[in-house]
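To start, the structure itself, in structure tokens.
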Amino acid sequence: MSEKKPLLLKITSLVIYLTAFISVCLFVNTQMVKYDYFIYLYGTSTAPGSKALVKVLSRDGELVSNPVVFVNGVKQPSRLIDLRPDMKEIKVVFGTTEAVFPLKYKDVSDYHFVPQKKLRPTNQEAEKAKIINAGSRKIFLLPENFRAVSEFETTVGLYCTENDKPCTDTSIFLDGSQHELNNGFMKFTTVFGKDQGVNVSFENGDAAYIPIPYPGKMFKFYKTQNSLTLASLSDTRNVHTDCFNDGIWIGTDIVSVGYEGLVLPEPYSRCDTVQASMNSASPGTMFAVISSVKTPVGKVDDPYYSALSKAFQHFSPAAQRYFTTSYNSSFFQPLSLVFSGEKLEKEFNAARSKELSVYQTMLIISSILGFFLFAYIMLKNIKVVEDEDGEVISNSLAKQRAIAVCALAFYVLFIIGLLYFLNNLA
């Protein structure tokens, strides 16, 4: 019986310390697994069958470029996916990295969806869009694309009004060059340059400098009969191009654009409104819009456009159509957030915390058992040893007990320090 007891003690010790070691390894391994990528879905509806744009951002906020998207294991042709009730998982592959998101349709349908309103020029911008008089005439410049970038060649509609009616002048001088004025309206193409405006004058000597009402910063659309080209002042990655038809979002591509321009895919030539920005959900003021919608998409209440609208009915049909398409291009429809990946991060962290608690509990229990086992072994081995002459050759009982207490205290401090280190592991 006495021989079995040391063996049982050894087996118990091995099990306890092996459990503690495994618990530490599992804890560290789980603690080091971080949520490195976030998935966001953008669109205009969360209803079944609606489209959504998939965007994946790294923890430092960098947009993942050219990802390959899989829904329920099926590869998608682009970042656009259909919100289907059977959706259970979205996987994104880029380079050698793979990120899997356990995203179910219910997560999207339960998300607090708030549709975004159309963006208009800010109040500060509207205050700067001054209406300039040339004598008794008011001159308006309406770029074909809203927010005209002065460095690009731009088609502009010039409107001349007098007493809220088209000017009766038959010609106008632009930067010294004479042009025909048809019932107060004409179109011209120019590169404005850094001055961002044009000098106008009339035969009777009235003259003025007319600035672009809302100057742009980056993008320009060029439209031909069969295609649509987007250009940027500098080589720019991750440019969002949005297509709308009859006010309905058709889709978005994220492309790289340079000064020489990028011919957009053929379907864009069939969109009645196309937008370009750095972020479809939050474009700021760096965006461009081109519209062919023949009726106003909103109330004409902009100070610059509304001042011209007073004479609208007196202009030719061609001038009225140009006014409408130019005005419609002043609206930007942001995409709305239909799902935020922060929800998945919270679920991931909650599951990880639960798993860590299990490993920590295992470590604490094994440490407590190890403490009692360690104490038992030490206290059992405390004894006084005498030589043949009866002289004590070991430490006294009091000293041995003090050493044992110090060892046990060190053991406790070590376990506490280990738990603190593990819980604060980066």
(message) Please report the equivalent ellipsoid semi-axes of the chain, computed as sqrt(5 x eigenvalue) of the Cα gyration tensor, largest first, in whole Å.
(response) 77, 23, 16
(request) Positive end of the charge dipole of the stretch 149-237 (Lys, Arg +1 and Asp, Glu -1 on Cβ, about the Cα centre): tell me which of 200, 163, 230 has its Cα farthest that way. (result) 230
(message) Explain nothing, just the number: relative contact order of the stretch 45-203, from Cα pairs under 8 Å at least 6 residues apart, as a whole percent.
(response) 14 percent
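What is the gain in length, in nm to one decimal, between residue 248 and residue 10 on full extension, counting 0.36 nm per residue of separation less the C-alpha to C-alpha distance? Write out the running numbers ahead of the final one.
Working: separation 238, 0.36 × 238 = 85.68 nm, distance 7.40 nm.
Full extension of this stretch gives 78.3 nm more.
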(message) Rounded to the nearest 20 debye, what is the charge dipole size of the stretch 191-287 about its Cα centre when +1 sits on each Lys and Arg Cβ and -1 on each Asp and Glu Cβ?
(response) 240 debye
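Need one number: convex hull volume per residue for the stretch 1-148, Cα atoms only, in Å³. Spell out each step's value before the answer.
Values: hull volume 36.5 nm³, N = 148.
Hull volume over Cα atoms, normalised by residue count, gives 247 Å³.
In debye to the nearest 20, how big a dipole does the chain give about its Cα centre with +1 on each Lys and Arg Cβ and -1 on each Asp and Glu Cβ? Don't jump to the answer; show the numbers that get you there.
Numbers: 42 positive and 41 negative charges, 214 e Å.
For this selection, approximately 1020 debye.
Among the listed pairs 165/223; 55/299; 106/299; 10/399; 117/354; 51/220, give every one whose C-alpha distance is greater than 29 Å. Mind dumping the intermediate values first?
Values: 165/223 31 Å; 55/299 33 Å; 106/299 37 Å; 10/399 27 Å; 117/354 41 Å; 51/220 27 Å.
In this structure, 165/223; 55/299; 106/299; 117/354 exceed 29 Å between Cα atoms.
What is the gain in length, in nm to one decimal, between residue 314 and residue 133 on full extension, counting 0.36 nm per residue of separation less the C-alpha to C-alpha distance? List each step's numbers first, then the result.
Numbers: separation 181, 0.36 × 181 = 65.16 nm, distance 1.93 nm.
Stretched fully, the residue 314-residue 133 segment lengthens by 63.2 nm.
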(request) Note down the relative contact order for the stretch 275-353 as a percent, whole number, built from C-alpha pairs under 8 angstrom at least six residues apart. (result) 38 percent
(request) Can you grab the distance from the C-alpha centre of the stretch 66-94 to the C-alpha centre of the stretch 129-203, Å, no decimals? (result) 49 Å
(request) With an 8 Å cut-off on Cα pairs and a minimum separation of 6 or more residues, tell me the relative contact order of the stretch 1-136 in percent. (result) 15 percent
(request) Taking Cβ-Cβ under 4.7 Å as the only way to count a partner, pick out the unpartnered cysteines of the chain. (result) 25, 406
(request) Just reorder 104, 299, 294 by solvent-accessible area, largest first, 1.4 Å probe, all chains present. (result) 299, 294, 104
(message) So with the 1.4 Å probe, I'd like the accessible area per residue for the chain, rounded to whole Å².
(response) 54 Å²
(request) Measure nothing but the geometry: give the 0 to 90° angle between the long axis through the Cα atoms of 317-328 and the longest principal axis through the Cα atoms of the chain, rounded to 10°. (result) 20 degrees
(message) If I fit a long axis through the Cα atoms of helix 4-32 and take the longest principal axis of the Cα atoms of the chain, what angle between them do I get, 0 to 90°, rounded to 10?
(response) 10 degrees
(message) Run the simple label-point estimate for residue 183 and residue 405 please: 7 Å along Cα→C-beta, distance reported in nm.
(response) 10.8 nm
(message) If I fit a long axis through the Cα atoms of helix 397-423 and take the longest principal axis of the Cα atoms of the chain, what angle between them do I get, 0 to 90°, rounded to 10?
(response) 20 degrees
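Using the structure shown, list the pairs from 217/346; 130/294; 118/310; 34/104 with a Cα-Cα distance above 32 Å, or answer none.
From the list (217/346; 130/294; 118/310; 34/104), the Cα-Cα distance tops 32 Å for 217/346.
May I ask for the percentage of alpha-carbon pairs in the stretch 147-286 that lie more than 24 Å from each other? Don't skip to the answer; put the middle values down first.
Details: 4185 of 9730 pairs.
Above the 24 Å cut-off, the stretch 147-286 has 43 percent of its Cα pairs.
The values are calculated or read from the model by the stated rules, or taken from the named source; none is laboratory data. All of these numbers come straight from a predicted model, not from anything done at the bench. Note that each Cβ is placed from the backbone with ideal geometry, even for glycine, and that neighbours are counted across all protein chains shown. In case anyone asks, the SASA skips ligands and DNA or RNA and just uses the protein heavy atoms, side chains included. Shrake-Rupley method; radii C 1.70, N 1.55, O 1.52, S 1.80 Å.
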